[in-house]
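> Structure incoming, see below.
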Amino acid sequence: MTTCKGVNNLLPAYLEEALSPEEKKRVEEHLASCSHCRQDVVDLKKALGLLQNIEEVEPPPFFEQRIMAAIREEKKQKQSVWRKLFFPLHIKIPIQALST
C-alpha cells in the first residue's frame, strides 16, 4: 500500500502525466481510497490553474548578471570564512617564511 506522503511527492508529476504506468497506477489506487489525497489533487489543480493565468513578466535589464555577481560574491565570502577557520594566521606565517 502506498502512503499519503509517497503519493503527495508524486502528485505534481501525476498531474503533468509524467509518471511511469506503474507509478500512475499506484497513485490512482491510493486516490481511490484516500479522500485527503483526492482533496490535495483538487487543490493542486486549482493552484496550477492560477499559475497558468499569471502573465509572464520581463526581467529588468542586467537581472541575470546581477544575480550571478551576487552568487559569486557570496561564494567568495564563504570561502574566506573557511580559510580563516582552517588556515589561521599562526600557521600562515611559518609557511610563508618557509616559502621564501
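> Of all residues in segment 4-18, how many are in a loop (DSSP other than H, G, I, E, B) and under 19 Å from the mean Cα position of the chain (by Cα)?
So the answer is 2.
> Failed condition for Cys37, given (1) modelled with pLDDT of 95 or more; (2) farther than 30 Å from Asn9 by Cβ, with all others met?
Single failed check for Cys37: (2).
> In segment 19-43, which residues are within 15 Å of Cys4 (Cα to Cα) and touching a helix residue (DSSP H, G or I) at 6+ places or on another chain (Cβ under 7 Å)?
Result: Glu23, Lys24, Val27, His30, Leu31, Cys34, His36, Cys37, Arg38, Asp40, Val41.
The values are calculated or read from the model by the stated rules, or taken from the named source; none is laboratory data. Values in this document were obtained by computation on a predicted structure and should not be read as measured data. Glycine gets a Cβ as well: all are built from the backbone with ideal geometry, and neighbour counts include every protein chain shown.
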